[in-house]
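Working notes, structure below.
Please treat every number below as a calculation from the coordinates, not as lab data. Quick caveat: nothing in here was measured; it's all calculated off a predicted structure. In this analysis, Cβ positions are derived from the backbone assuming ideal geometry, glycine residues included, and neighbour counts consider all displayed protein chains.
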Amino acid sequence: MDHLKVNPGIMKSELPATVAILPFENRTKALDAQDRVRKSFFNQFSSKKYNDIELHRINVILAREQILDNKGFINTPRDHLGRLLKADGLIFGTITSYDTIYIGAYSRVSVELEAKLIQAKTGKILWQGKHRTSSHEGGIPLDPINLIPTLFRTLVNVSDMEMLKPCDNLSRIMVATIPEPDIGSSISPPKIELVA
C-alpha cells in the first residue's frame, strides 16, 4: 500500500525553504482524524531542514481569509495561498482511512493518508505519497486463563492513546521520504525593517 515518490526531475534548488502543512481533508467518519493525523505529520516534519509554519498560525490566516471552513483553501490558487501564508511550499493531505475494529478478543486500528508537497508558485509536485499503517492486538485465546488479559489488551489497543501510535508510525514513514533542501537555503538571514 506504499506509494511514496519524489518527482524524478527535481533539483535541490527547487525545494522550498518555508513549508505550510494545510488542513488535511478527512474522508472518514472519525471527526478527530483530521486534527490528530495533521499534528502527527507536523511533529515528524518539523525535524526536517525546512522552516515550518505553526499549524494554529495557518488556521488563523485561513480563517481570517474565510477559506478555512468548507475547504475553501483547496480551490484557492496555490500561488495566492503561498503569498497568504508566506510559504514557498504547501503540503496537502487526504485521510482516506481511520478505522477502529474491536471484536472482543481482537482489535485493529489503521490509518491511511495521501499527501503531496508542491511548489506554491508553480504548483509543481515535488513529492507525493500514500501509505497505510495499522496495529492489531489479540486473537483467539486457547486457554481460559489468558482470556481476561487478551480482552484487556485488545480494549487498550483501541484507546485514544493507542490511536496515536499508528498516526505517528504513518507520519514517520512518509516524512522520511520527503527530500530536504541544503541547510544553507533553509536558513534565511534576518529581515531588516528599519535603520536608525
Note to self: Spelling out what I want: for every residue of the range 120-129, take phi, set θ = phi - 60°, compute 6.51 cos²θ - 1.76 cosθ + 1.60 (Karplus), and round to whole Hz; glycine and proline get x.
What the structure shows: 5, 5, 9, x, 5, 7, 9, 8, 8, x
Next item on the list: Consider all pairwise Cα distances in the range 25-74 and report the whole-number % of them above 16 Å.
Entry: 51
Notebook entry, point to check: So how far apart, in nm, are the two label points at Asn59 and Thr94 if each is 7 Å from Cα heading toward Cβ?
Noted result: 2.3
Note to self: Show me the ranking of peptides 68-76, 172-180 by mean Cβ neighbours inside 10 Å, starting with the highest.
What the structure shows: 172-180, 68-76
Next item on the list: With 10 Å bins from zero, work out the P(r) of the range 29-111 over every alpha carbon pair and list the percent per bin.
Entry: 14, 41, 29, 11, 5, 0
Next item on the list: Apply the Kirkwood formula to the range 7-49: the hydrodynamic radius equals the inverse of the mean of 1/r over all pairs of different alpha-carbon atoms; give it in Å with one decimal.
Entry: 12.5
Note to self: Net charge around Asp79, counting only other residues with Cβ within less than 13 Å of its Cβ (Lys, Arg = +1; Asp, Glu = -1)?
What the structure shows: +4
